[in-house]
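Remarks on the structure that follows.
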Amino acid sequence: MLKQIATGCALALLLASSAAADCAPPTPPPTSERPVRPAPPRTPPCATTNTCEPGEADRYNAEVKAFNDRAHVYAAALQAYVDRLNAYVAAAGAYAKCEVAATNPS
């Protein structure tokens, strides 16, 4: 009788450890892939006093246009990164449920 109990416990532990092996923890996206927000152009000081030299406003407007172009690229990259983070959160929830299920005898 004692031998049967010991065998049953060993079998239960073996099954529990094999079930736990099926639960693969997710890997978060690396923070090195987090996009860096572009810096906006500095407003020229002459803009507040209306004393800009010829072409200075045009240069600033060109910098703003370039910033807006970089901002669109940044927004797309940020959305892709957030999507990967959300997928990681979903996978972490599935992993936690798998671990809970592995601890419950069936």
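The values are calculated or read from the model by the stated rules, or taken from the named source; none is laboratory data. Bear in mind that the values here come from a model prediction, so they are computed numbers and not experimental data. Glycine also receives a Cβ, built like all others from the backbone with ideal geometry; neighbour counts cover every protein chain displayed. Heads up: the accessible areas ignore ligands, DNA and RNA and are worked out on the full protein's heavy atoms, side chains in. Shrake-Rupley method; radii C 1.70, N 1.55, O 1.52, S 1.80 Å.
Just check the range 53-106 against the gyration tensor rule for me: Cα atoms, a ≥ b ≥ c as the square roots of the eigenvalues, rounded for a/c under 1.5, and otherwise prolate or oblate depending on whether a/b exceeds b/c. Before the final figure, lay out each step's value.
Details: a/c = 14.57, a/b = 8.46, b/c = 1.72.
The shape class here is prolate.
So how much accessible area does E33 have, in Å² to the nearest 10, using a 1.4 Å probe?
Looks like 90 Å² after rounding.
If you count only protein heavy atoms and use a 1.4 Å probe, how large is the accessible surface of R70, to the nearest 10 Å²?
110
For a quick check of understanding: with a 1.4 angstrom probe and all protein chains in place, what accessible area in square angstrom does K97 have, to the nearest ten?
150
Given a Förster distance of 41 Å, report the FRET efficiency between C98 and L78 from their Cβ-Cβ distance, rounded to the nearest 0.05.
Numbers: r = 30 Å, r/R0 = 0.74.
Efficiency for this residue pair is about 0.85.
What does the charge count near K65 come to, summing +1 for each Lys or Arg and -1 for each Asp or Glu among other residues with Cβ under 12 Å from its Cβ?
On the way: positive: R59, R70; negative: D58, E63, D69.
Neighbour charge sum, excluding K65 itself: -1.
With θ set to phi - 60° and the Karplus curve 6.51 cos²θ - 1.76 cosθ + 1.60, what are the ³J(HN,Hα) couplings of the range 80-90 in order, to the nearest whole Hz, using x for Gly and Pro?
5, 5, 5, 4, 5, 5, 5, 5, 5, 4, 5
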